[in-house]
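Since the structure comes first, as structure tokens, the remarks are kept for the end.
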Amino acid sequence: MRNRRPIVQTASRLGGLLAALLLAASPAAAKDYLLTGAKPDKLVLVDAAARKVERVLTIPGGGVAPSTIVPSPDGRVAYVINNHLGSVSGVDLDSGKQVFRADFSTTGEPGGDLRVRALFGMDVSPDGKELYVFQSPVRLLPGEYRVEDTRIAVYNTADGVGAKPVRLLPAPRRIAVLAFSKDGGTLWALGWDLYGLDPKTGAVKETHKVLNWTRANHSPPDVLDIWPQFEQAATLSTPYSTARTDLAATDPGAARTGLMTLDLATGRMDMRDFEDTSAVIFSSVISPVNRTEAYSVYTQLSKIDTDGGRLVKRVDLPHTYYAINISSDGKEVYVGGTACDIGVYSTDTLDRVGQVEIAGCPDQGMASLRVIRR
């Protein structure tokens, strides 16, 4: 009996330690971080709740501006298109070390050098093992530049610096966004239409019509979307504009703005107008808590009811912002891109509740604004 109390105390302490370790390792212990880019060659990691820059990382050989940013599923590595759209680097967000790099162009080929650029479309497989990059190659010949077929280059992320494509998949032209389905079985590619691709072969499994829709009395919609902001709600969204062809061009109701959404879990796509056009919109994001709520940005911040197809509220912004994202609890939206600050707004009131300044005021340009959990 004399040894019982120490044994109980030891077991209690071990139990408490185990509980603490489990809590620390649980998703609830993680918090939101924002990831953006800044000219000429920086990645910026921001503690969203603390409203402060956690660290600024340099992209080796980054060129003049970072472009599309894709975080690894575990939030440890950021893949970023850089080097004048000619390379992709994977940067460890803790050490700042470049752990992956693929340079797209090739020289010394029998058919002539191949200059390859990546115009925005990029995503990583849900297991983090493969990186998919939409590429536009041009063959440099003595008397001409010959445009080659567009493609999606697939890289093994484990191949590190100097990685080469393990597959080259055929792809439609004009792809601006790549987004994996939740189960990894479909790679969605947004261009003039929305294509569901087989990630192994590139075969088009299904197509949702966008520019080629057949909506009566409407012109083909105009879509501008190069910002991948779908990670929080697993829903790809983009604003579009169209014109009523059954109304006079001078009619205030002729110009319409809507929102396209793609559920990455189910593959369901919807396109729904929500207002007579009264503002320019660049990008949008869906709430992870209430998926009928969307937020969009350019010179104004808008709150949209996607279910009812209506504008809920709109407020002016201090300057232009290109990119937008949202907190995991759905309570705050973040607007970035363009300048050197990230604005923080309440999703309830659209009041500005915070701001993060990047030291030295570098231009974020067209860089993505992503949310990761760490």
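Restricting to the stretch 302-335, and then to whatever is charged (D, E, K, R) and under 20 Å from the mean Cα position of the chain (by Cα), can you tell me which residue is surrounded by the fewest Cβ atoms within 10 Å (Cβ to Cβ)? The qualifying residue surrounded by the fewest Cβ atoms within 10 Å (Cβ to Cβ) is Asp329. Under 6 Å by Cβ, and 6 or more places apart or on different chains, what pairs join a residue from the stretch 242-270 that is of a type in the set (Phe, Trp, Tyr) with one that is crowded, with 18+ Cβ neighbours inside 10 Å and assigned to a strand (DSSP E or B)? Short answer, once both residue conditions are applied: none. Quick one: which residue in Thr186, Thr238, Thr214 is of a type in the set (Ser, Thr, Tyr) and farther than 29 Å from Asp32 by Cα? Every option except Thr214 fails the conditions.
Got a sec? Which of Glu144, Glu130, Glu148 is crowded, with 18+ Cβ neighbours inside 10 Å and of a type in the set (D, E, K, R)?
Values: Glu144 fails: crowded, with 18+ Cβ neighbours inside 10 Å; Glu148 fails: crowded, with 18+ Cβ neighbours inside 10 Å.
Only one candidate qualifies: Glu130.
Among the residues of the stretch 203-235, just one is in a strand (DSSP E or B), among the aliphatic types (A, V, I, L, M) and closer than 25 Å to Ile326 by Cβ, namely Val223. Considered as a group, the residues in the stretch 265-279 that are farther than 21 Å from Thr299 by Cβ and in contact with a strand residue (DSSP E or B) (Cβ under 6 Å, 6 or more places away or on another chain) include one that is surrounded by the most Cβ atoms within 10 Å (Cβ to Cβ), and that residue is Met271. Of everything in the stretch 223-249 that is more than 29 Å from Leu131 (Cβ to Cβ) and modelled with pLDDT of 95 or more, the residue that is surrounded by the fewest Cβ atoms within 10 Å (Cβ to Cβ) is Ala248.
When you scan the stretch 113-180 for strands (runs of 3 or more DSSP E) that lie fully inside it, which ones turn up with 1 or more residues that are without any contact (Cβ under 8 Å) to a residue 40 or more places away in the chain?
Numbers: elements: 113-117, 122-124, 130-140, 145-147, 151-156, 167-170, 177-180.
It comes to 113-117, 130-140, 145-147, 151-156, 167-170.
Restricting the stretch 198-222 to residues that are on the phi < 0 side of the Ramachandran plot and of a type in the set (Gly, Ala, Ser), the residue that is surrounded by the most Cβ atoms within 10 Å (Cβ to Cβ) is Ser219.
To keep it simple, each residue is scored yes or no on (1) more than 19 Å from Arg370 (Cα to Cα); (2) touching a Lys or Arg at 6+ places or on another chain (Cβ under 9 Å); (3) aromatic (Phe, Trp, Tyr).
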| position | (1), (2), (3) |
| --- | --- |
| Ser278 | yes, yes, no |
| Ala294 | no, yes, no |
| Val297 | no, no, no |
| Leu317 | yes, yes, no |
| Gly336 | no, no, no |
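Residues in the stretch 78-101 that are touching a helix residue (DSSP H, G or I) at 6+ places or on another chain (Cβ under 9 Å) and buried (at least 22 other Cβ atoms within 10 Å of the Cβ): Tyr79, Gly90, Phe100. For the stretch 173-195, the count of residues that are surrounded by fewer than 17 Cβ atoms within 10 Å (Cβ to Cβ) and touching a Gly at 6+ places or on another chain (Cβ under 8 Å) is nonzero.
Leu169 - would you say it is surrounded by 15 or more Cβ atoms within 10 Å (Cβ to Cβ), on the phi < 0 side of the Ramachandran plot and among the aliphatic types (A, V, I, L, M)?
On the way: surrounded by 15 or more Cβ atoms within 10 Å (Cβ to Cβ): yes; on the phi < 0 side of the Ramachandran plot: yes; among the aliphatic types (A, V, I, L, M): yes.
For Leu169, the condition - surrounded by 15 or more Cβ atoms within 10 Å (Cβ to Cβ), on the phi < 0 side of the Ramachandran plot and among the aliphatic types (A, V, I, L, M) - is met.
Within the stretch 239-277, the set of residues being over 14 Å from Thr292 (Cα atoms) and either touching a His at 6+ places or on another chain (Cβ under 6 Å) or of a type in the set (Val, Ile, Thr) (or both) comprises Thr242, Thr245, Thr250, Thr257, Thr266, Thr277.
Take the residues in the stretch 30-73 that are charged (D, E, K, R) and assigned to a loop (DSSP other than H, G, I, E, B), then tell me which one is farthest from Asp341 (Cα to Cα).
Taking the stretch 30-73 first, the residues charged (D, E, K, R) are 31-32, 39, 41-42, 47, 51-52, 54-55.
Retained after the next criterion (residues that are assigned to a loop (DSSP other than H, G, I, E, B)): 31, 39, 41, 51.
Working: Lys31: 20, Lys39: 13, Asp41: 17, Arg51: 11 Å.
Looking at residues that are charged (D, E, K, R) and assigned to a loop (DSSP other than H, G, I, E, B), I get Lys31.
The values are calculated or read from the model by the stated rules, or taken from the named source; none is laboratory data. The structure displayed is predicted, hence computed values, not measured ones. Ideal geometry is used to build each Cβ from the backbone, glycine not excepted, and the neighbour counts take in all protein chains shown.
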